[in-house]
1. Has the range 68-77 got at least one residue that is in contact with a strand residue (DSSP E or B) (Cβ under 7 Å, 6 or more places away or on another chain) and of a type in the set (Ser, Thr, Tyr)?
2. What residue, among those in the range 1-37 that are in contact (Cβ under 8 Å) with a residue 40 or more places away in the chain, under 13 Å from the mean Cα position of the chain (by Cα) and more than 13 Å from the ligand (Cβ to nearest atom), is surrounded by the fewest Cβ atoms within 10 Å (Cβ to Cβ)?
3. Residues of the range 40-64 being farther than 15 Å from Gln82 by Cβ and surrounded by 13 or more Cβ atoms within 10 Å (Cβ to Cβ), which ones?
4. In the range 38-50, which residues are within 16 Å of the ligand (Cβ to nearest atom) and either modelled with pLDDT under 95 or of a type outside the set (Ser, Thr, Tyr) (or both)?
5. Would you say Thr61 is at pLDDT below 95 and within 16 Å of the ligand (Cβ to nearest atom)?
6. Which of the residues that make up the range 64-73 are free of Cβ contacts under 8 Å to residues at least 40 places away in the same chain and within 15 Å of the ligand (Cβ to nearest atom)?
Amino acid sequence: MAKANLFLCMGSACHQMGVYDVLPQLQALIQKHDLGEVIELKGSFCLETCSKGIVMKFHDTRFSGISPQNVETTFEAKILPQIQAVLTDSQVPLPY
Ligand code: FES
């Protein structure tokens, strides 16, 4: 079964804002929520909203303003519900 891609901008502005501190936290959050079988975390080139903090993208939705300090709360409040909605719509069974 193909995994859904969750993109994390690895461009130079996001790099300077701490994306390499965000990355391991995201990997841990994906494990914590048992999404490892359905979500593929991928690096992305600049997502073109560099002034808005670290940026992520899932399907057509962008999430900006991410930082090493707020990545967990942003993931659980905004990104996780979007992932669950898309996966539910596409009938991909969630592991819980
Ligand atoms: S470098 Fe991340 S949005 Fe441009």
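1. Checking the range 68-77: at least one residue is in contact with a strand residue (DSSP E or B) (Cβ under 7 Å, 6 or more places away or on another chain) and of a type in the set (Ser, Thr, Tyr).
2. Among those that are in contact (Cβ under 8 Å) with a residue 40 or more places away in the chain, under 13 Å from the mean Cα position of the chain (by Cα) and more than 13 Å from the ligand (Cβ to nearest atom), it is Asn5.
3. Listed by number, the residues that qualify are Glu40, Ser44, Cys46, Leu47, Thr49, Cys50, Lys52, Gly53, Ile54.
4. Matches in the range 38-50: Leu41, Lys42, Gly43, Phe45, Cys46, Leu47, Glu48, Thr49, Cys50.
5. Yes.
6. Of everything in the range 64-73, those that are free of Cβ contacts under 8 Å to residues at least 40 places away in the same chain and within 15 Å of the ligand (Cβ to nearest atom) turn out to be Ser64, Gly65.
The values are calculated or read from the model by the stated rules, or taken from the named source; none is laboratory data. It should be emphasised that the depicted structure is a prediction, and the values quoted were computed from it without experimental measurement. With ideal geometry, Cβ positions are generated from the backbone for all residues, glycine too; neighbour counts draw on all protein chains shown.
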